[in-house]
Amino acid sequence: MGVIEILAIWFGLSLTGALAPGPLSAAVVMQASRRDRLHGILPMLGHAVVELGILAAIILSVQALTLDPFTVDILIGFGGVVIIGFGFLALKDYKHITQDEREELSSETSIATLVEATTQGAIVSILSPYFLLWWFGIGLANVTILVAELQVGVGTVFLAGVLLYFTHISTDFLFGAFLTVGSNEASRRATAGDINWINVGIGIFQIVLGAWFIIQALTPI
């Protein structure tokens, strides 16, 4: 396969992860609807940092990484608790933010708020069972195969890894930008009785999702 063909295949595979609804998407929507578009895209930056470590580990031949069922259940259960926590944070901001309040929040943008938004993306990525399942079920095997194929065309494993990484995160940032713009605009309109139904929906979604993860972790196979 040629370089373009390999990257096109990887782009398509990466979309299967980027487009899956989950806590990362909820984090993007929550940050964008509460503050602004800059904060909305930052969870994707935290997500990209985590994926850099994962992709680097795979390319460095850490393919033998396995997790026993008990450890998987612990990760899923703990991840569910964290996701429920973010759900309650979203519900905490159930009231509609007026234009004046929105401008005030935007003016309060600081290193702390930027780091908080970025860190949220990293945390929900690391602890999301969706994220773990995608990388163990799709990412690991395909990166291993595609790096070997791509290395022939570009000459080095390093360059092959760089191309795969940026192709992969491009899908995350494209979808993140779509969510950010959409939710930022929708949050100005999705109101009734001074309630921001975007945040209410996100909160309920994350609480239900987190509870489902906990149930899965506690349910014997």
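Laboratory data are not the source of any read-out in this text; all were calculated from the coordinates shown. Computed from a predicted structure; not experimentally measured. Note: ideal-geometry Cβ built from the backbone for every residue, glycine included; neighbour counts use all protein chains shown.
Gain in length, residue 154 to residue 60, computed as 0.36 nm per residue apart minus the alpha-carbon separation, to one decimal in nm?
Additional length available on full extension: 32.1 nm.
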- So for 124, 3, fewest C-beta neighbours within 10 Å to most, what's the order? 3, 124
- Item | Highest-first arrangement of 138-144, 52-58, where packing means the average Cβ count within 10 Å | 138-144, 52-58
